[in-house]
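The values are calculated or read from the model by the stated rules, or taken from the named source; none is laboratory data. All figures in this text were calculated on a predicted structure; none of them were measured in a lab. Ideal geometry is used to build each Cβ from the backbone, glycine not excepted, and the neighbour counts take in all protein chains shown. Keep in mind that these areas ignore ligands, DNA and RNA; they rest on the heavy atoms of the full protein, side chains included. Shrake-Rupley method; radii C 1.70, N 1.55, O 1.52, S 1.80 Å.
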Amino acid sequence: MTHGTYLKKTPEFFEFHRGKECTVWSVKSHRRQEKVYTYDEAIELAGNGWYIIGLALVLLLAFVSMSLDMFGFSVVVSSACDFELTHFQESILLSMPFLGSIFLAYPWGYISDTQGRRKGLLISLWGSYILATLSVFSPHWIVLAALKFGSASLSSGIQSLSLTLIGESCSPKIKSALLIGIPSSLFLTFGVYNTFAYFILSLDFAYDLGFVIFKPWRLLGLVLALPLSVSAILCSFFYESPKFVLNDGHEKKALNILRKISKKNGVKQYPVKRVVLQETTTLRRKDIPFLQSLMEQTFPLFKAPLLFRTLHLFFITAIIYSINNGFYSRLPLVLDTFDAGHVDNSTTDNLCDMFSNYNNLEKDGTCITAVNEFTIWASLIQGLLYCFMNVIVAMLFFKKKLILITMLFVSSLSSVLIPLLPGRILSISLFNGLLMNSLSMTIVFSYYVEMFPTSYRGMAACLGVMVARLSALAGTNLIGTYIMVHCDYTMYLCGILSLGGVVISFFLPPDKPKISSC
């Protein structure tokens, strides 16, 4: 049904057929005419004003909060000197954010598609904030590990829920730009938590609370958890996705949300009185057991016609996140190597030589009490550079498929050249070229929102997050281990995998896919 179609309004206005692959509308009489809009037309008429700007900024903060909770934990663990952690215990703690985010990624998809995007996001934000705050007062490292596992489990839903909510609340014209632009905030996280750590860990205090000694590293944990609560408070002022509400069978409620959005966007008179979804959809049954409902929400993603889309995106996600997180875990090593001057200015050294030289050094321990200025400046500069590049990618969203292929190819070429080309500066430049695949992450998750029907979009995105975290955990452990002893082979293998991602990316849909209809 297209824009401008006229139908007659009676008590039998529409006959709503359920149980088929798509929703079918049929006219039953011809007494009075009324224009019927598709959802894309309705959300386009709602405008792109202050409501969308505010929602985008809040979700951007939510992304930063999630990243600070997960990745800023590495600094907290490294500075928890009073636990006297062994290397094994520290490795367990550092694995908790990844393991936790894998544990609940699947349930978050179910919550998103059955309970709503906004409701799931609020649960995720408040739950992760409470557990992250409690973890700061852990009397033992095992308690810290358990609470961080829970915190990461809850915060793992923020990424997919945020992207789904903003993608369904704005017009198609700006959707791709927002889906790529909002996650660009993740690139600032490394510099943000290092900056906080620089000032907080330099403090000198110790307060005996009876069951724990409150030291600077605990204060750092509180500060890093605080943005989660701020995001939750701000998120409560926004509405549920009108597309989710409409897909759930509540047209009047969806229209009411659309009117409120249009009013806050500055639209004086919203003309839409009737709205329909013009896509494949199914009725969600609410009188069935939980496990059956969960299966019905999941199995369609692994059957035709969605199977190829699912496996396609999972493969690209696995390649990007395993390589990206594996090498990002080595970034502090590279920065420390340069700062300490362990590598001379000889033109015969490449990045693999740097790893080898660093590996041969004798280290006194893993506990740190401060973050040096070089690490702050390096992380801020890199974060700002990548953030700027990602904004450019968002502006060129109509060419996102080409950009994805280009980024993966640059990463592949850089991986292969790192062991072959000597020179300290050139090696670092190639290392940044390798890490450029991080710019592909936002593009890939924009496809999760665009390539799946509303009924399964949240589940697909959350399963994508689970694949991403599993791949990140595998890459961090495998690449982080073998790069120290088999750097050359590790680089070549990553180059081949990235090239495989380039080939698979050619089969993605066009940059402006047509919305499927019944």
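Listed residues Gly221, Gly210, Gly249; which is at positive phi, out of contact with any Cys (no Cβ under 8 Å at 6 or more places or on another chain) and either aliphatic (A, V, I, L, M) or touching a residue at least 24 places away in the same chain (Cβ under 8 Å) (or both)?
Gly249
When both residues are 6+ apart or on different chains and their Cβ atoms are under 8 Å apart, which pairs have a first residue that lies in the stretch 402-421 and is under 11 Å from Met491 (Cβ atoms), and a second that is aromatic (Phe, Trp, Tyr) and in a helix (DSSP H, G or I)?
Ser414/Phe431; Ser415/Tyr492; Val416/Tyr492; Ile418/Phe431; Pro419/Tyr492
Let me confirm something: among Gly433, Gly341, Gly423, which residue is on the phi > 0 side of the Ramachandran plot and either touching an Asp or Glu at 6+ places or on another chain (Cβ under 9 Å) or modelled with pLDDT of 80 or more (or both)? Break it down into steps so the answer makes sense when it comes.
Working: Gly433 fails: on the phi > 0 side of the Ramachandran plot; Gly341 fails: either touching an Asp or Glu at 6+ places or on another chain (Cβ under 9 Å) or modelled with pLDDT of 80 or more (or both).
Selected residue: Gly423, the only one of Gly433, Gly341, Gly423 that is on the phi > 0 side of the Ramachandran plot and either touching an Asp or Glu at 6+ places or on another chain (Cβ under 9 Å) or modelled with pLDDT of 80 or more (or both).
In the list Phe187, Phe214, which residue meets the criterion of being buried (at least 21 other Cβ atoms within 10 Å of the Cβ) and of a type outside the set (Val, Ile, Thr)? Write out each step before concluding.
On the way: Phe214 fails: buried (at least 21 other Cβ atoms within 10 Å of the Cβ).
From the options Phe187, Phe214, the qualifying one is Phe187.
Of everything in the stretch 40-50 that's part of a helix (DSSP H, G or I) and not charged (D, E, K, R), which residue is surrounded by the most Cβ atoms within 10 Å (Cβ to Cβ)? Spell out how you get there, then give the answer.
Keep residues of the stretch 40-50 that are part of a helix (DSSP H, G or I), which gives 40-45, 50.
Pick out the ones that are also not charged (D, E, K, R) and you get 42-43, 45, 50.
Numbers: Ala42: 26, Ile43: 24, Leu45: 19, Trp50: 11.
Checking each candidate, the answer is Ala42.
Kindly indicate whether Ser440 is touching a residue at least 40 places away in the same chain (Cβ under 8 Å), open to solvent by less than 40 Å² (accessible area, probe 1.4 Å) and under 18 Å from Gly500 (Cβ atoms).
Yes; evaluated as a whole, the condition is true for this residue.
Tell me which of these Thr310 doesn't satisfy, since it passes every other one: (1) touching a Ser or Thr at 6+ places or on another chain (Cβ under 8 Å); (2) modelled with pLDDT under 90; (3) within 30 Å of Ala472 (Cβ to Cβ).
(1)
Quick one: how many residues across the stretch 348-396 are assigned to a loop (DSSP other than H, G, I, E, B) and either at pLDDT 65 or above or under 30 Å from Ala80 (Cβ atoms) (or both)?
16
With respect to the numbered conditions (1) over 30 Å from Ser112 (Cβ atoms); (2) surrounded by 22 or more Cβ atoms within 10 Å (Cβ to Cβ), which one is the sole condition not fulfilled by Cys462?
All conditions are met except number (1).
Given the conditions (1) crowded, with 22+ Cβ neighbours inside 10 Å; (2) at pLDDT below 85, and given that Phe71 satisfies all but one, which numbered condition is not satisfied?
Going through the list (1) crowded, with 22+ Cβ neighbours inside 10 Å; (2) at pLDDT below 85, Phe71 breaks only (1).
From the list Leu413, Leu402, pick out the single residue that is in a helix (DSSP H, G or I), modelled with pLDDT of 85 or more, open to solvent by 10 Å² or more (accessible area, probe 1.4 Å) and more than 22 Å from Ile479 (Cβ to Cβ).
On inspection, the qualifying residue turns out to be Leu402.
Please go through the stretch 262-307 and pick out each residue that is more than 23 Å from Phe445 (Cβ to Cβ), at pLDDT 80 or above and of a type in the set (A, V, I, L, M, F, W, C). Don't jump to the end; show me each part of the working.
Step one: of the stretch 262-307, the residues more than 23 Å from Phe445 (Cβ to Cβ) are 262-276, 278, 282-293, 295-296, 304.
Still in the running and at pLDDT 80 or above: 262-276, 304.
Within the stretch 262-307, Val267, Val272, Val275, Val276, Ala304 meet the criteria.
What are the residues in the stretch 33-76 that are within 23 Å of Leu154 (Cβ to Cβ) and over 19 Å from the mean Cα position of the chain (by Cα), if any?
Val75, Val76
For the stretch 225-237, name all the residues that are surrounded by fewer than 19 Cβ atoms within 10 Å (Cβ to Cβ), of a type outside the set (Val, Ile, Thr) and within 20 Å of the chain's Cα centre (by Cα).
Scanning the stretch 225-237 gives Leu226, Ser229, Leu234.
Scan the stretch 226-257 for residues that are closer than 16 Å to Val58 by Cα and either small (Gly, Ala, Ser) or in a helix (DSSP H, G or I) (or both) and jot them down.
The answer is Leu226, Pro227, Leu228, Ser229, Val230, Ser231, Ala232, Ile233, Leu234, Cys235, Ser236, Ser241.
Only residues that are open to solvent by less than 10 Å² (accessible area, probe 1.4 Å) and without any contact (Cβ under 8 Å) to a residue 60 or more places away in the chain: list them for the stretch 85-137, please.
Within the stretch 85-137, Leu93, Pro97, Gly100, Ser124 qualify.
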